[in-house]
Amino acid sequence: MQILPVSDSKTKKEFLQLARYIYQDDKNWICPLDMDINAVFNQKTNPFFKHGSCTRWILKDDEGKLIGRVAAFINEKKAYQYDQPTGGMGFFECIDNVAAAFMLFDTAKEWLLEKGMKAMDGPINFGENDSYWGLLVEGFTPPSYGMNYHKPYYKVFFDEYGFTKEYEQITNHLQIRNPFPERFTKIANWVANKPGYTFEYFSKKNSEKYVNDLMEIYNDAWIDFENFVPIKKETLQESFKKMEAIMDEKLIWFAYINGEPASFVVIIPDANQLIKGFNGKLGWMEKAKFVYRRWKGVNRMRAIVMGTKTAYQKHGLESALFIKLKEYVLPLNQYDELELSWVGDFNDKMLSLHQATGATFGKRHLTLRKIF
């Protein structure tokens, strides 16, 4: 077997092609757009290069056939917040061959060791954790946009190599047309009508305000979580820019208490329903299909992230946001399902909220760590 760095146009294409080969007979897999994967490794488009570095490889067998790929990266802002300096590995794909898998893991490990790392988390992304994060181990159904999908045998590779679970990522599914439980609805309506409580949906015309509000809420809401790094405005702006093609402003809601930003939820139509069958490409024909499908509408949404300031986390604001969302969504007669993804098993409050809405289990991903 031969490991090769991705260093030119040929190896970049092979890195993308490998995933298409691995999942060619899997009807549930939806190929991510090539442009989205390439953007992760582009220093001009990925702001994480300002405080980190990454590289990637492909693996070929003795006959020159592609059989695997992997990437390794270091986020300098997070690497030194653990008991040992910790880098990351991700975008792992491999045939069902443990020796090939271990060669890929070893290659990532050696690169990280050379840069002073003592452990690696994976499979994760060189970016925010809302995309390409975690090993899918349960719920092998069609993924929503940005969510990792894997072969079931991958878990054996990670286990046998010595990775151990850091935390689980739970994704739940909410059937939009089903009424919320009575208690949930009663609380939500009471909160929505409290004096001084107001609710607004996102506006592209006033995006600066809402990006600032989201950043203020998010950085307050997550401050007590271990290894939290405040999100930057430029990262949020880049995220909203990426969402523009599919964004529905009335699926992104904010709650205010006496004018102070207090809570938010960001939901987008599931773009995977728009790009299914594109095989990662976005040429003129795919763009025409994309526009048509966007006009026709998809029936699934994905909640990317929610947050509530620490001082207001017991005020029921999240429930009220769901009520506001449903008031808009139901009359459309379009959406059937909302995917609530993903919530760490350490986030009891958010998991309780999912349960309160009547959502049911959908998928389980694992974030794993290998200590060298």
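The values are calculated or read from the model by the stated rules, or taken from the named source; none is laboratory data. Here the structure is a predicted model, which is why all the values come from computation and not from measurement. Here Cβ is always computed from backbone atoms with ideal geometry, including for glycine, and neighbour counts include all displayed protein chains.
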Inside region 39-60, the number of residues satisfying the requirement of being in contact with a helix residue (DSSP H, G or I) (Cβ under 7 Å, 6 or more places away or on another chain) and at pLDDT 95 or above is 5
Report yes if some residue within region 102-123 is within 11 Å of the chain's Cα centre (by Cα) and either charged (D, E, K, R) or under 16 Å from Pro5 (Cα atoms) (or both); otherwise report no. no
Qualifying residue in region 161-176 (condition: more than 28 Å from His354 (Cα to Cα), touching a residue at least 24 places away in the same chain (Cβ under 8 Å) and buried (at least 16 other Cβ atoms within 10 Å of the Cβ)): yes
Selection count where residues are among the hydroxyl-bearing types (Ser, Thr, Tyr) and out of contact with any helix residue (DSSP H, G or I) (no Cβ under 6 Å at 6 or more places or on another chain), scope region 311-341: 2
I need a count of the residues in region 86-106 that are buried (at least 17 other Cβ atoms within 10 Å of the Cβ) and out of contact with any helix residue (DSSP H, G or I) (no Cβ under 6 Å at 6 or more places or on another chain). 9
State whether the residues of region 332-343 include one that is part of a helix (DSSP H, G or I), hydroxyl-bearing (Ser, Thr, Tyr) and over 24 Å from Tyr132 (Cβ atoms). no
Determine, yes or no, whether Lys205 is exposed (fewer than 15 other Cβ atoms within 10 Å of the Cβ) and more than 27 Å from Asp270 (Cβ to Cβ). no
Filter region 338-355 down to the residues that are small (Gly, Ala, Ser) and either surrounded by 21 or more Cβ atoms within 10 Å (Cβ to Cβ) or more than 19 Å from the chain's Cα centre (by Cα) (or both), then identify the one that is nearest to Ile187 (Cα to Cα). Ser352
Is it fair to say Gly134 is touching a His at 6+ places or on another chain (Cβ under 6 Å) and of a type outside the set (Asp, Glu)? yes
Need the failing condition index for Ala72 against (1) within 20 Å of the chain's Cα centre (by Cα); (2) surrounded by fewer than 19 Cβ atoms within 10 Å (Cβ to Cβ); (3) small (Gly, Ala, Ser), just the number. (2)
Give region 118-132 a look and list any residue that's under 15 Å from Val305 (Cα atoms) and touching a Ser or Thr at 6+ places or on another chain (Cβ under 7 Å), or say none. Glu128
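Conditions tested, residue by residue: (1) in a strand (DSSP E or B); (2) modelled with pLDDT under 90; (3) surrounded by 17 or more Cβ atoms within 10 Å (Cβ to Cβ).
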| residue | (1), (2), (3) |
| --- | --- |
| Val265 | yes, no, yes |
| Phe278 | no, no, yes |
| Ala288 | no, no, no |
| His315 | no, yes, yes |
| Leu325 | no, no, yes |
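Rundown of residues vs (1) crowded, with 19+ Cβ neighbours inside 10 Å; (2) of a type in the set (Gly, Ala, Ser); (3) in contact with a strand residue (DSSP E or B) (Cβ under 6 Å, 6 or more places away or on another chain), yes/no style:
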{"site": "Asp26", "(1), (2), (3)": "no, no, no"}
{"site": "Pro32", "(1), (2), (3)": "yes, no, no"}
{"site": "Ser53", "(1), (2), (3)": "no, yes, yes"}
{"site": "Ile58", "(1), (2), (3)": "yes, no, yes"}
Go through region 143-160 residue by residue and tally those that are surrounded by 16 or more Cβ atoms within 10 Å (Cβ to Cβ), in contact with a helix residue (DSSP H, G or I) (Cβ under 9 Å, 6 or more places away or on another chain) and of a type outside the set (A, V, I, L, M). 8
Can you find a residue in region 67-79 that is over 21 Å from Tyr153 (Cβ atoms), part of a loop (DSSP other than H, G, I, E, B) and touching a Lys or Arg at 6+ places or on another chain (Cβ under 6 Å)? no
So, Met215, is that one touching a helix residue (DSSP H, G or I) at 6+ places or on another chain (Cβ under 7 Å) and crowded, with 17+ Cβ neighbours inside 10 Å or not? yes
